[in-house]
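First up is the structure itself, then whatever we jot down about it.
The values are calculated or read from the model by the stated rules, or taken from the named source; none is laboratory data. Everything numeric here is computed off the predicted structure, so don't read it as measured data. Cβ placement follows ideal geometry from the backbone for every residue including glycine, while neighbour counts extend to all protein chains displayed. The area values use the complete protein model at the heavy-atom level, side chains included, leaving out ligands, DNA and RNA. Shrake-Rupley method; radii C 1.70, N 1.55, O 1.52, S 1.80 Å.
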Amino acid sequence: MRSLVEIQRFKDGKLALVLIVVLGLTPLLLFAIGWSQMKEFATDDLWTIAATSLAISLPIFISLRIKTMVQLDSNKIVYQSKAFFNRKRTIPTDNIKEWNITDHRWTDGLGHQHSLQRKSTYVMRPEKALVIKTRDGRTYKFGINRPGMVKRFIHNNWEQNEEIYG
């Protein structure tokens, strides 16, 4: 059985790195502004700076751990979204109605998103994405790093199987 695995991490993006550095330097900037005005820091000010540092470092830590995994097999798709838990889900290829590879922009949102219109998005970087529509009306969007290989894999394994056996 042949398979193709695509793993996408939030921390691999260039803009994500810039965002993490800017957010990480915010508490230092707050401290420097107060120091440059030659004011003494009260206890409340120090607690505010510490709380800001904690509030900023927690989302940074979570975003560095988030990743998605999509494994394309000849008879199913296995996908997993992982920040702190492991939960794999599958979509059989018999249930797939159509697929295409599209561009995913920053304005479309990043991360794990689920909507009431039965759309699920698992994209960590604004690049290419594999969109899968199933027969039961669900739409899945997976971030992919190598769109050419994914397209070739789908043509060779899913579409040829339909022509040969279908």
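Here's a check for you: in the stretch 37-67, which residue that is outside any helix (DSSP H, G or I) and modelled with pLDDT under 75 is most open to solvent (accessible area, probe 1.4 Å)?
Here the residue is Glu40.
Kindly provide the set of residues from the stretch 46-76 that are in contact with a Phe, Trp or Tyr (Cβ under 8 Å, 6 or more places away or on another chain) and touching a residue at least 60 places away in the same chain (Cβ under 8 Å), ordered by number.
Result: Lys67, Thr68, Met69, Val70, Gln71, Leu72, Ser74.
Sort out which residues of the stretch 84-116 are polar (S, T, N, Q), touching a residue at least 12 places away in the same chain (Cβ under 8 Å) and open to solvent by 50 Å² or more (accessible area, probe 1.4 Å), and write them in order of number.
Thr90, Asn100
Starting from residues that are open to solvent by 70 Å² or more (accessible area, probe 1.4 Å) and either of a type in the set (D, E, K, R) or not assigned by the TED database to the domain that holds Phe153 (or both), keep the ones in the stretch 117-129 and report whichever is nearest to Ile62 (Cα to Cα).
Glu127
Working only within the stretch 55-81, note down all residues that are more than 28 Å from Asn156 (Cβ to Cβ) and not β-branched (Val, Ile, Thr).
Scanning the stretch 55-81 gives Ala55, Ser57, Leu58, Pro59, Phe61, Ser63, Leu64, Arg65.
For the stretch 89-125, which residues satisfy the criterion of being within 15 Å of the chain's Cα centre (by Cα) and closer than 18 Å to Ser3 by Cβ?
Tyr122
Take Gly34 and tell me if it is within 18 Å of Trp106 (Cα to Cα) and either surrounded by 14 or more Cβ atoms within 10 Å (Cβ to Cβ) or modelled with pLDDT of 75 or more (or both).
Answer is no for this residue.
Within the stretch 117-162, count every residue that is of a type in the set (A, V, I, L, M, F, W, C) and either without any contact (Cβ under 8 Å) to a residue 12 or more places away in the chain or more than 20 Å from Pro92 (Cβ to Cβ) (or both).
4
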